[in-house]
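Below: the structure, in structure tokens.
The values are calculated or read from the model by the stated rules, or taken from the named source; none is laboratory data. Keep in mind it's a predicted model, so treat the numbers as computed, not measured. With ideal geometry, Cβ positions are generated from the backbone for all residues, glycine too; neighbour counts draw on all protein chains shown. Calculation scope for accessible area: heavy atoms of the full protein, side chains included, ligands and nucleic acids excluded. Shrake-Rupley method; radii C 1.70, N 1.55, O 1.52, S 1.80 Å.
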Amino acid sequence: QDGVLVAFCESAVYAVQGFGPTDQGQGEWGSPRVITRSTGCTNAQSIVETSAGIFFQSNRGIELLPRGLGEPQFVGAAVQASLGSSTVTSAAVVTVGQSRTVRFCIGGATVLVFDLNTGAWERDVYPSSVSAICDTDEGAVLALTAISAGYGFLLEDPGESNDSVGNSPAAVASVLQWADVRPFGIAGN
């Protein structure tokens, strides 16, 4: 982040500056300096860098290490009940037009959404368990886990304005792009 290597441990966060050794063996990394020993990252799959800083999952929940490497902020209090003891399985920054969100797949059919523009949380619920998420030029693509059919993928409709707001959840429209991936041909699984 901002030219600094951030190293997460389970109970601390460190920053390392420098460019590291060159191909000729010249140069080195600086000594690590402690950002905090009050919290750390408990799940590497939750780490995602954004314009606001680096989000990560700790023992407390979802936290944000702000730009400038200040003390991490516990930003996940509003969705802590939804997160519970779940582990983030995938995290991604999704940009559609002027909308910038961070999506956290937490197992099951729920995806926690943090709006980087407003600082507000949402909960999106899908028809099947979501195992991973990524950003594309057309919006968020979600890998769904369906026991009977293997994996399916959904592309969220970026033009849809209906979304979860507060305690009044509404359906999020999605378009099924393809339903089954078979890397070993039509007869393979």
>> Quick check on this structure: which one of 82, 31, 131 is part of a loop (DSSP other than H, G, I, E, B), of a type in the set (Gly, Ala, Ser) and at pLDDT below 90?
In response: 31
> Picking from 110, 136, 101, which residue would you name as being crowded, with 16+ Cβ neighbours inside 10 Å and over 12 Å from the mean Cα position of the chain (by Cα)?
Replying inline: 110
> Is it true that residue 33 is in contact with a helix residue (DSSP H, G or I) (Cβ under 9 Å, 6 or more places away or on another chain) and either basic (Lys, Arg) or surrounded by 16 or more Cβ atoms within 10 Å (Cβ to Cβ) (or both)?
Replying inline: no
> In the range 57-72, is there at least one residue being part of a loop (DSSP other than H, G, I, E, B), open to solvent by 10 Å² or more (accessible area, probe 1.4 Å) and under 23 Å from residue 145 (Cα atoms)?
Replying inline: no
